[in-house]
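For reference, the structure is listed below as structure tokens.
The values are calculated or read from the model by the stated rules, or taken from the named source; none is laboratory data. What you are looking at is a predicted structure, and each value in this text was computed from that prediction instead of being measured. All Cβ positions, glycine included, derive from the backbone under ideal geometry; neighbour counts span all protein chains shown. The protein model used for the area step is the full one, side chains on, heavy atoms only, and it has no ligands, DNA or RNA in it. Shrake-Rupley method; radii C 1.70, N 1.55, O 1.52, S 1.80 Å.
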Amino acid sequence: MSADDTSSSRALADHYARQNLEAPASLDHFWMPFTANKQFKAKPRLLASASGMYYKDVDGHEVLDATAGLWCCNAGHARPRIVEAVKQQVGTLDFAPNFSMSSPLPFKLAERLAALAPGDLHKVFFSNSGSEAVDSALKIALAYHRVRGEGQRTRFIGREKGYHGVGFGGMSVGGLPNNRKWFGPGLPAVSHIRHTLDVSRNAFSKGVPPHGIELAEDLERQIALYDASTIAAVIVEPISGSAGVVIPPQGYLQRLREICDKHGILLIFDEVITGFGRVGHAFGAQRFGVTPDMITAAKGITNGCVPMGATFVSERLFDAFMSGPDNAIDMFHGYTYSGHPLACAAALATLDTYEEENLFDKALSLGDYWQEALHSLKDLPNVIDIRNFGLVGAIELAPRPGAPGTRAYDVFARAFHEGHLLTRVTGDVIALSPPLIVEKDHIDRIVNVLADTIRATA
């Protein structure tokens with residue numbers, strides 16, 4: 001490369017590096033997702049760069065990340081292996097179709113993922129997000145029953161307060177009213193069992209709450225109403241994130257598995273949040289000792305670096321599709337970017353990072369410290385519950401009369417602008433899920449900033 005070429009390359013690199021370091025001239029044109037746009041644009045929070053446990057905003061403040069971005073940067077930010085893998089891949093193979101052809105990386109990644117999965121969930125279908133992973137799982141469930149001669153099994157059962165993405169399938173089986181009411185009826189033949197959040201009996205439980213296993217019996221009520229022969233699958237999150245970190249009661253997931261087995265119903269775990277070390281194993285299924293028929297994953301699969309989703313499918317389900325002629329397409333479903341080379345490269349490097357640094361163990365080794373630190377906030381003004389499991393946590397605040405959600409939002413905003421701490425707010429819950437590289441001093445700062453902010457916002 002000549003001196004002129006080198007100079008030009010550096011100038012180009014500098015140009016693109018600077019793009020994110022300064023505030024935009026206008027905030028008018030980007031319609032932000034899941035955001036009160038008018039409120040945000042009156043006092044924006046703009047992140048310019050990130051490294052390790054910290055963001056840096058456009059004003060140059062270091063902001064401690066207590067939410068792993070959006071539950072996804074489990075290994076922290078700008079990790080060298082992942083950065084290098086993506087840089088190399090984009091210059092080697094930027095895109096390859098996966099319809100009737102492919103590239104090596106999706107196969108290598110699927111093999112690595114299968115080795116991490118519980119039970120016989122050794123088949124992996126790639127997509128671009130958790131929403132698509134869920135829609136893929138729902139379609140696989142319907143098609144599975146059809147190829148087995150039970151095509152009448154078309155009903156899905158979700159759960160109140162469940163979040164399964166924003167596709168019409170995930171929206172329909174989800175149980176958050178604001179995510180549903182604006183968009184019509186959604187899929188037909190969907191019903192919901194009761195949620196398991198019970199502050200009256202389980203407030204300030206440490207880890208798995210003691211009360212609520214009987215709520216699993218609500219599934220039997222649904223089965224009695226609709227008949228098992230019409231039900232394709234049940235889908236739940238092991239831990240509900242968007243509902244405000246709802247931990248399953250003792251024995252609850254095990255009981256759901258028993259009921260599904262009894263009636264020939266598939267069980268799907270949405271592990272977009274609990275996957276990849278968040279609770280101390282690769283998946284929540286392993287931590288809770290329950291193996292579903294499918295797992296949906298995303299977020300931590302690439303450390304949030306490149307969009308990717310995955311649906312893990314049991315060999316039993318997969319084999320049912322393999323009975324046709326060799327030249328027949330066995331599943332009429334997929335995405336242009338299924339198994340995208342950049343996403344696969346990022347995911348492989350992410351798995352290397354998790355393994356090299358033993359990050360799946362952090363939720364176990366730091367879990368007790370995290371738990372005690374969070375529960376030290378118990379007696380602060382307006383704190384009505386604290387929930388935790390692994391390296392996930394929630395602080396629930398009493399809503400202001402006639403203005404639900406405003407107290408927690410004010411804590412979230414004040415923590416960012418004054419305490420330089422990034423948290424997550426959902427309703428009147430402050431949700432926390434720090435990167436797995438978190439250390440005790442980071443936990444101390446998270447708790448101290450929140451304590452000061454909650455007092456100041458009372």
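Laid out as a table, the results:
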quantity: Output for segment 142-173, where each listed residue is of a type in the set (Phe, Trp, Tyr) and within 20 Å of Asn128 (Cβ to Cβ); calculated: Tyr163, Phe168
quantity: Out of Glu214, Glu220, sole residue that is on the phi < 0 side of the Ramachandran plot, open to solvent by 80 Å² or more (accessible area, probe 1.4 Å) and either hydroxyl-bearing (Ser, Thr, Tyr) or part of a helix (DSSP H, G or I) (or both); calculated: Glu214
quantity: Test: Asp120 is of a type in the set (Asp, Glu), closer than 20 Å to Thr302 by Cβ and touching a residue at least 12 places away in the same chain (Cβ under 8 Å); calculated: no
quantity: Answer from Arg455, Arg414, Arg400, Arg407 - the residue that is free of Cβ contacts under 8 Å to residues at least 40 places away in the same chain, open to solvent by 10 Å² or more (accessible area, probe 1.4 Å), charged (D, E, K, R) and out of contact with any Pro (no Cβ under 6 Å at 6 or more places or on another chain); calculated: Arg400
quantity: Subset of segment 271-292 [open to solvent by 10 Å² or more (accessible area, probe 1.4 Å), of a type outside the set (Gly, Ala, Ser) and farther than 26 Å from Arg81 by Cα]; calculated: Gln286, Arg287, Phe288, Thr291
quantity: Within segment 318-339, considering residues that are in contact (Cβ under 8 Å) with a residue 12 or more places away in the chain and not in a loop (DSSP other than H, G, I, E, B), the one nearest to Leu105 (Cα to Cα); calculated: Phe318
quantity: Qualifying residue in segment 282-305 (condition: over 23 Å from Gly76 (Cα atoms), at pLDDT 95 or above, touching a helix residue (DSSP H, G or I) at 6+ places or on another chain (Cβ under 6 Å) and assigned to a strand (DSSP E or B)); calculated: yes
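Here's the yes/no breakdown for (1) touching a Ser or Thr at 6+ places or on another chain (Cβ under 9 Å); (2) closer than 27 Å to Ile235 by Cα; (3) surrounded by fewer than 19 Cβ atoms within 10 Å (Cβ to Cβ):
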residue: Glu315; (1), (2), (3): no, yes, yes
residue: Ala320; (1), (2), (3): no, yes, yes
residue: Ala328; (1), (2), (3): no, no, yes
residue: Phe332; (1), (2), (3): no, yes, yes
residue: Cys344; (1), (2), (3): yes, yes, no
residue: Leu351; (1), (2), (3): no, yes, no
residue: Phe360; (1), (2), (3): no, yes, no
residue: Asp368; (1), (2), (3): no, no, yes
residue: Ala373; (1), (2), (3): no, no, no
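Residues checked against (1) over 30 Å from Leu374 (Cβ atoms); (2) touching an Asp or Glu at 6+ places or on another chain (Cβ under 7 Å):
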site	(1), (2)
His195	no, yes
Arg201	no, no
Gln222	yes, no
Ala232	yes, no
